[in-house]
Amino acid sequence: MSTFETYLRLGFQHIINFHNYAPFVFVLVLCAAYTSKEFVRVLILVTAFTIGHSVTLALSTLNIVSIPSRTVAFLIPVTILVTAVANVLPLKRGNHRVIYIITVFFGLIHGLGVSNYVENTIARASNVFMPLLGFTVGFEIGQIVIISVYALLLLLTVNLMKARHDFWRLYVSGAGFGIALILLIQNKFW
């Protein structure tokens, strides 16, 4: 297996991982605000998240940025909490550029979390470009899988079962908020 393929799998496994589910939950909560008709917007958002994620992974691997893992472990659930709260507040959603910038920023935070997971392995490689590219592509593919399954469930729930999107958004955001609180409690931040 090539270096690219190895890291492609690592990136995919990182996002499709039920033991380290914070990035998975973040993507689901991020999607909750959007209807099935806004699928392209969701694709752009998760790509913005991947860009932020990849930037800090690269900076961390190259020893340009280093944040204590305890701080990152606190900030990641906070990004989920903030996103969940933003989903349920009656905010105007017209300024998509601001939402993309915030999503990139949250990706930067999540990228710091994954850097502890793979940075030593990538840093030992003779060329860090291929491992970083492979991880990023695998991560993005994993996100596309998540949002595709999410979109299917959304379509079934809202279109076939005639549930209101507002209820769906509240349910997914509330579940994400609860999971983020559990992560904060487990990390003893109280």
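Peptides 161-172, 38-49 ranked from most to least packed, by the mean per-residue count of other Cβ atoms within 10 Å: 38-49, 161-172. Dipole of the chain computed with +1 at Lys/Arg Cβ and -1 at Asp/Glu Cβ about the Cα centre; of Ile147, Leu112, Val137, farthest Cα towards the positive end is Ile147.
Between Leu43 and Ser69, the contour length at 0.36 nm per residue exceeds the alpha carbon distance by 6.5 nm. Against the chain, whose longest principal axis comes from its Cα atoms, helix 129-154 is set at around 20 degrees.
The shape of the stretch 120-190 comes out oblate: with a ≥ b ≥ c from the C-alpha gyration tensor, a/c is at least 1.5 while a/b does not beat b/c.
May I ask you to give the percent of accessible area on the chain that is carbon plus sulfur, with a probe radius of 1.4 Å?
Answer for the chain: carbon and sulfur cover 69 percent of the accessible area.
Maximal additional length on extending the Asp166-Glu5 stretch stands at 53.9 nm, based on 0.36 nm per residue less the C-alpha distance. To test your reading of the geometry: what angle, between 0 and 90 degrees and rounded to tens, separates the Cα axis of helix 39-61 from the longest principal axis of the chain? Orientation of helix 39-61: about 30 degrees from the principal axis. Note on Asn187 and Asn95: the extension gain reaches 29.7 nm, defined as 0.36 nm multiplied by sequence separation minus the Cα-Cα distance. Rounded to the nearest 20, the Cβ-based charge dipole of the chain about its Cα centre (Lys and Arg +1, Asp and Glu -1) stands at 460 debye.
Could you tell me which of rounded, prolate or oblate describes the chain, using a ≥ b ≥ c as the square roots of the eigenvalues of the alpha-carbon gyration tensor, with rounded for a/c under 1.5 and, failing that, prolate when a/b is larger than b/c and oblate otherwise? Numbers along the way, then the final one.
Values: a/c = 1.98, a/b = 1.53, b/c = 1.29.
Prolate.
In the context of the full set of protein chains, residues of the chain present 53 Å² of accessible surface per residue (probe radius 1.4 Å, heavy atoms only). Helix 165-186 and the longest principal axis of the Cα set of the chain meet at an angle near 40°. Between the residues Gln13, Thr56, Ala32, the greatest Cα displacement towards the positive end of the dipole of the stretch 1-141, with unit charges on the Cβ of Lys, Arg, Asp and Glu, is found for Ala32. Taking amide H positions as modeled 1.01 Å from N, with prolines and chain starts lacking one, the residues under 5 Å from Val65 and 5 or more places away or on another chain are Ser60.
The values are calculated or read from the model by the stated rules, or taken from the named source; none is laboratory data. What you see is a predicted model; the values in this text were computed from it and never measured. Backbone-built Cβ (ideal geometry, glycine too); neighbour counts: all protein chains shown. Note: accessible area is taken over every heavy atom of the protein model, side chains too, but ligands, DNA and RNA are not part of it. Shrake-Rupley method; radii C 1.70, N 1.55, O 1.52, S 1.80 Å.
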